[in-house]
Amino acid sequence: MDKIQTTKERILIFLEANNIKKETFYRESGISASNFKGAGLKSDLGVDKLARILRVYPDLNDNLIWLITGEGELLTEAEKNKKDHRNDDLYTNEINDKIGDLLANLFAQYNTQDKTLMFLQSQISKIEKKYSKAISEQNKMLNEILSAMKISAK
């Protein structure tokens, strides 16, 4: 495609790409058809008219650099949706990565807590055995003392 030279020519490309009839554009924007024919097509589009067109066709705001400078390409609605879906995929992948990191972190914390719990349970078991043995020895000594007292009391 030849390089589009004027803003007006790029507006006509936008209309065609979006299946908007020129007559509809002229009526909705309030701009005369003569501005887009013959010598009028090559003349500059005033800022006031451009602002009016942007109000009527806000989708052109997404293509403002293309419209004014001719740089880049016209993004049609389908291309914008495709781009949005790519962004959705990137966003979804980013969220999935974060969820994966969080799950890995939670799993690591769970393992650490599980190991800590097992260690504490083994320590409690050792202490219980120790105290059980100490109580058993004290009961044995008390029984010996009581037996000795009964013998001496006789």
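Overview of values
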read-out	value
Sole exception among (1) within 30 Å of ASN18 (Cα to Cα); (2) at pLDDT 90 or above; (3) of a type in the set (Asp, Glu) for GLU128, by number	(1)
Residues that are part of a helix (DSSP H, G or I) and touching a Leu at 6+ places or on another chain (Cβ under 9 Å), drawn from the stretch 61-79	ASN61, ASP62, ASN63, LEU64, TRP66, LEU67, ILE68
Contacts under 6 angstrom Cβ, first residue in the stretch 54-70 being closer than 19 Å to GLY30 by Cβ, partner basic (Lys, Arg) and surrounded by 12 or more Cβ atoms within 10 Å (Cβ to Cβ), 6 or more apart	LEU67/ARG10
Residues located in the stretch 1-16, provided they are at pLDDT below 90 and of a type in the set (A, V, I, L, M, F, W, C)	MET1, ILE4
Among the candidates GLU128, GLU137, residue that is over 60 Å from the mean Cα position of the chain (by Cα), acidic (Asp, Glu) and surrounded by 10 or more Cβ atoms within 10 Å (Cβ to Cβ)	GLU137
Output for the stretch 1-27, where each listed residue is surrounded by fewer than 10 Cβ atoms within 10 Å (Cβ to Cβ) and basic (Lys, Arg)	LYS3
Residues located in the stretch 28-54, provided they are farther than 12 Å from THR7 by Cα and exposed (fewer than 12 other Cβ atoms within 10 Å of the Cβ)	GLY30, SER32, SER34, LYS37, GLY38, ALA39, ASP48, ALA51
Selection count, the stretch 2-60, where residues are outside any helix (DSSP H, G or I) and either in contact with a helix residue (DSSP H, G or I) (Cβ under 9 Å, 6 or more places away or on another chain) or of a type in the set (D, E, K, R) (or both)	16
The stretch 55-80, residues that are of a type in the set (S, T, N, Q), more than 14 Å from GLU9 (Cβ to Cβ) and surrounded by 11 or more Cβ atoms within 10 Å (Cβ to Cβ)	THR76
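The values are calculated or read from the model by the stated rules, or taken from the named source; none is laboratory data. Keep in mind it's a predicted model, so treat the numbers as computed, not measured. Backbone-built Cβ (ideal geometry, glycine too); neighbour counts: all protein chains shown.
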